[in-house]
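Reviewing the structure listed below.
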Amino acid sequence: MPPPRRRPQDVDDEEDDSQQIIDDVDEDGDEPMEDADSGGEMSSMIKNLVRYALACEFSRTPIRRDGIREKVLGPRGRSFKKVFAGAQKQLRATFGMEMVELPTKDRSLMTTEQKRKAAKSQSQKEPTSNAYILVSVLPTAYTTPDIITPSKVQSADGEAAYIGLYTTIIAIITLSGGELSEPRLRRYLTRLNAAENMPSMNPHDATSPSEKTDIVLQRMVKQGYLVKVTESRSAGDDEGTTWHVGPRGKVEVDNEAIANVVRAVYGGSTEELEKKLETSLKIKGRNPGGDGEIEEEVEDAPPDGDPGPSNPRSF
């Protein structure tokens, strides 16, 4: 006996259901909002991502995409874009911050083996770091030291000293063409009276008010402010070691921040200094006779209270 033929209506119903499933999954590959948001799950994931981002920034650890999938999304990995966008909105509106992607590693700083692997995995898409840090989206008028004081991770004074040290070193490296040899770095540190020791993260601690300079430099490398590249040369040859600005350093200490350091060292702004800064850093110079600020067009904030994206400067 031949199998019963399926009714045309049944076939049409199944095709409609299949098409509905396809339509529910958006072009980015995210899961349908209705499924991901069952029981407030979407809202919970957004809050967890905000907490995860704040915890990472507290320890100056990059917010990695793999970490977000593992610690926040779990089996809802395809909801990344919706959760990320929701977390960005909450970070901007509540904390005055946003996640900004770190730049990729400079190919010139890669070893031969790293370059070979990068060439094999190279695709038509632009390479991305898949790592983020938090930066401020507050207007410049609200980012002065009187309003935003150094955080009290261990002590405000220790944090201020640490920020000042890595900002100064990044400024020196950038103004030296983006690369600084080991002997030259040591000479600059000697001028700063920091050749052997630097202030600790808690300089008021009587037992350890200072740390060895090498330990502080290692911390700056670990946290992404600096990159130390050592070429294989003869043993003990310091000329084989060069220092560069790391990905976090490029985002936190941009060219305008470096220009501010130079202006502070020179005790103000002059026409000659601004011309040199404009040439060295490729920035728009300030008017020495003005109020010292560059006027920028400020866009109105969206009506939902989200101040929108900012420039990638955290100070």
Accessible area in the full protein assembly, largest first, 1.4 Å probe, for 58, 95: 58, 95
Greater than 20 Å apart at Cα, pairs in 47/71; 81/222; 47/89; 71/222; 47/81; 250/282: 81/222; 71/222
In range of the label at residue 204: residues from segment 149-178 whose backbone nitrogen is under 17 Å from the point 7 Å along Cα→Cβ: 149-162
For peptides 253-261, 199-207, sequence by mean Cβ density within 10 Å, most packed first: 253-261, 199-207
Highest to lowest packing among 67-73, 169-175, 213-219, scored as the average C-beta count within 10 Å: 169-175, 67-73, 213-219
Length added when fully stretched, residue 264-residue 276, from 0.36 nm per residue minus Cα-Cα: 2.8 nm
Residue 151-residue 196 pseudo-label distance in nm [points 7 Å out on the Cα-to-Cβ vector]: 3.3 nm
Three-way shape label, segment 128-251, alpha-carbon gyration tensor, a/c 1.5: oblate
Additional length obtainable on full extension of the chain from residue 163 to residue 85, 0.36 nm per residue less Cα span: 25.1 nm
Spin-label pair residue 106/residue 140, simplified geometry with 7 Å Cα→Cβ offset, distance in nm: 2.6 nm
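The values are calculated or read from the model by the stated rules, or taken from the named source; none is laboratory data. Since the model is a prediction, treat every value here as computed from it, not as a measurement. Here the Cβ is made from the backbone with ideal geometry for all residues, glycine too, and neighbour counts use every protein chain on show. Each accessible area value is taken on the protein alone, full model and side chains, heavy atoms only, with ligands, DNA and RNA left out. Shrake-Rupley method; radii C 1.70, N 1.55, O 1.52, S 1.80 Å.
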